[in-house]
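Below is one structure; the comments refer to it alone.
The values are calculated or read from the model by the stated rules, or taken from the named source; none is laboratory data. What you are looking at is a predicted structure, and each value in this text was computed from that prediction instead of being measured. Cβ: placed from backbone, ideal geometry, glycine included. Neighbour counts: every protein chain shown.
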Amino acid sequence: MIQNVMQEIHRIKSVLLSMSKLRVLALTSILLTSLLMWFGVPVLQAEETDVLVTEPQWIQTKGLGGVSRPGLFLASDQTLYLMAKTGLYRLTEEADEWTLINSGGPNRQFDPIMAERGDALYLLTPDELLVSTDRGRTWEALGKRPKGHAVALVIADGTRERSPQHVDMTMYLVLETEVFRSEDGGKQWVAIGEGLRTDSTPEARDIGFRIHDAAAIDNIIFAGKNQIVFLGTSRGLFRFTSGWEKVTLPTLEGINSLAATEDRLYVATISGQPDGPHCSLFYSTDFGDSWTDITPSTDEHPVKLIHTVKIVSVGDTLMVIGPGGVLLSYDRGETWKDPGRDPHAFTGGFLPVVALDENNFYKSQLSGVTRSTDGGRSWHPFVEGLVSADVQNLIADKNMLYAVSGGKVAKSANRGESWEAVNVSGGGKLLIPRIGTTNNTLYVSSIASHRTQLLHLPVESDALVPVQGIPDFKEDNLYVEWKKRLAEARETNVNVRETERLWRESLLFIAEEDTRNGGFTLVGETVFMEHRRKLFRWRPGETAWHYTGLEDQGELPPIDGKGFTLAASGNTVYAGKREGDLFQSLDNGDTWKDITDSLALEFEYFKDIVFADSTVYISTDTGVMRSLNSEVWQTLTDTAGNPLLIDWIAAEDATLYGVCDNGVYRVDDQTDTWRQITSEAPYAATSLAIADEVLYIGTKHSGIFRFQREGR
């Protein structure tokens, strides 16, 4: 009987939640009174409050591990912390996974920089300095901090006597081009970077000047417990005692990485261009007055040192790690061993690497964390427990949810509670993947060997394979084009330096082009895809891509990776250009018509184009419009008649949904206006998907959230 009562109450909840609050309260009283009279008081008292307050809420899904460029910090008690934008994690030995201990929230995001002194931990946000005395569970703001991208927070013992209200420590906040000092616990900051720009170091005024790393070591010889702060910069090594001075090194290269032990300071220099000099490694036991060269043999390890590396020290073990892989020394740099090539060993730029002990190393990646448990010989992704993934795209198709995060594609069959990686058959890698679905089949475009490819996930398969018969584009990617120019210049020895200079200047344009190549839409098995700002079409059985005649040389919109905005249904295809021109084809891309002048809104750029059955919806930076017949366009408004600024749109059958910071809206069938159907979104959305009236949003730093619609 009790079970029947509970079922009846939960049935009542689903009915009540779809009514206004006033009717809910009135009807709840009547129903509860009836149940009390029939079954008695004790059972219902436990459920009464629950009935009145239960409302649909945003739920953060699990399983999509990973974070974007996380920070890592090893405390003195050997606790390892991970700092993501919207969450602070701690590594728990018991479960061997990351445990979320503090959520930053939409209004407080964490920088990947932490420091420690005594029992206190210090953490940066873009605006403040925070302190915690309970191992990171709660944080108190100490005050505002100087603006800028933080490289390090160094805490050293005080340098002079202070009045009792001052703490006996000095804080150094190191930014990319500036250094600030605080002697009152982070409440006030004073710029001390002028010494880096004196006449003795005129190169520091160069616009390319950057600070890459910082470290403090005990100055036991000169000042008792005081410490010397060192900066590794693009123009060399600097140290600070009473002022900044440039340290003389046996090289003119900049310093990328520092590592300090009780009796040594290690430095790793900056490599030149890919075809330029190798990195060099040195150590000093007298605070930089003299140096010993411990650079591994470039003849024995040419690949491992050709790029800029990070240096890590623990005990007698030294590790250098970079895009070329890892080198290890077990005698503090006297001899070096090469553990071999490992695809997971890559680390980009200046991301941190932390040594827990001589066997366990953790490394920040562009899309998560990898770790080694065998002293750096092999590396594996380690994202268990992380939910702060950067989600680029979401698609809900039938009973499957697909997501793009950190350059990878994953799928979930249980509403995001667990995820399975979608790998490439044969072990290939995805680069800048884009996803789409048609006929319940997943398609993925990617860049392989600097060529655009299209793959799909066959039924009953767990790996992507190339679409059968699909040809390469005749025109090379910009990267391949430039490599051919370089090779020709070097072979003929004509204009080599000028060609190499132009190549370096083109790297930004190459990266920009690759982020837009491969944008596609599908209608049946017909593919429309962007390549080098041109729109192409391919059908099964064709041996070459058909150029549609549309080319887009407009300015890029402020949306990452945004090129052509595409949508197709039946024989109708829409292509929106960057500058806001809209082209329509009614014959599957054979001919095109410019219909920009017929649109209902003035706008700067397109966000998305979506079909909901036969109705087409276009989202722009000033609002959303729709057309029922592809000729007359209508602006969608809220109930007050105002256009609604929507970030992302998605359709389920004939119904359109849109998301913005206020929450998710639906186009009402009766009034043809936007109607809000959820509470405020927990974070700004990067994507929107709907399946069986369950709403999903991807976020920039906090993974995926879902919202269960009423009555489901």
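Summary table
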quantity	calculated
Matching entry among GLU513, GLU505, GLU498 (being touching a helix residue (DSSP H, G or I) at 6+ places or on another chain (Cβ under 9 Å), exposed (fewer than 15 other Cβ atoms within 10 Å of the Cβ), modelled with pLDDT under 95 and not hydroxyl-bearing (Ser, Thr, Tyr))	GLU498
Subset of the stretch 577-612 [part of a strand (DSSP E or B) and among the basic types (Lys, Arg)]	LYS593, LYS607
Number of the exception - MET169 against (1) farther than 24 Å from SER234 by Cβ; (2) modelled with pLDDT under 80	(2)
Selection within the stretch 530-544 - surrounded by fewer than 20 Cβ atoms within 10 Å (Cβ to Cβ) and within 12 Å of LYS474 (Cα to Cα)	ARG532, THR543, ALA544
Residue in the stretch 655-666 that is without any contact (Cβ under 8 Å) to a residue 40 or more places away in the chain, assigned by TED's automatic domain parsing to the domain that holds TYR696 and farther than 21 Å from THR699 by Cα present	no
Any hit, the stretch 573-592, residues being surrounded by 15 or more Cβ atoms within 10 Å (Cβ to Cβ), in contact with a Lys or Arg (Cβ under 6 Å, 6 or more places away or on another chain) and closer than 27 Å to ILE470 by Cβ	yes
Members of the stretch 561-576 that are within 23 Å of LEU601 (Cβ to Cβ) and either touching a helix residue (DSSP H, G or I) at 6+ places or on another chain (Cβ under 8 Å) or outside any strand (DSSP E or B) (or both)	LYS562, GLY563, PHE564
Residues of the stretch 426-452 satisfying the condition of being at pLDDT below 90 and outside any strand (DSSP E or B)	GLY426, GLY427, GLY428, LYS429, LEU430, LEU431, ILE432, ASN439, ASN440, SER449, HIS450
The lone exception for LEU394 - which of (1) modelled with pLDDT of 90 or more; (2) more than 30 Å from LEU688 (Cβ to Cβ) it fails	(2)
Qualifying residue in the stretch 664-679 (condition: touching a Ser or Thr at 6+ places or on another chain (Cβ under 6 Å), of a type in the set (Ser, Thr, Tyr) and at pLDDT 90 or above)	yes
Test for ARG709: is it in contact with a Phe, Trp or Tyr (Cβ under 9 Å, 6 or more places away or on another chain) and farther than 25 Å from LEU88 by Cα	no
Subset of the stretch 185-217 that is at pLDDT 75 or above and of a type in the set (Asp, Glu) - its residue that is surrounded by the fewest Cβ atoms within 10 Å (Cβ to Cβ)	GLU194
Cβ-Cβ under 9 Å pairs, at least 6 apart or on other chains, the stretch 317-338 side at positive phi, far side among the charged types (D, E, K, R)	GLY325/LYS304; GLY325/ASP338; GLY325/ARG341; GLY325/ASP342; ARG332/ARG264; ARG332/ASP316
So GLU693, is it closer than 19 Å to ILE618 by Cβ, touching a residue at least 40 places away in the same chain (Cβ under 8 Å), out of contact with any Ser or Thr (no Cβ under 7 Å at 6 or more places or on another chain) and among the acidic types (Asp, Glu)	no
Single condition ALA141 does not satisfy, out of (1) under 16 Å from LEU175 (Cβ atoms); (2) assigned to a strand (DSSP E or B); (3) at pLDDT below 95	(1)
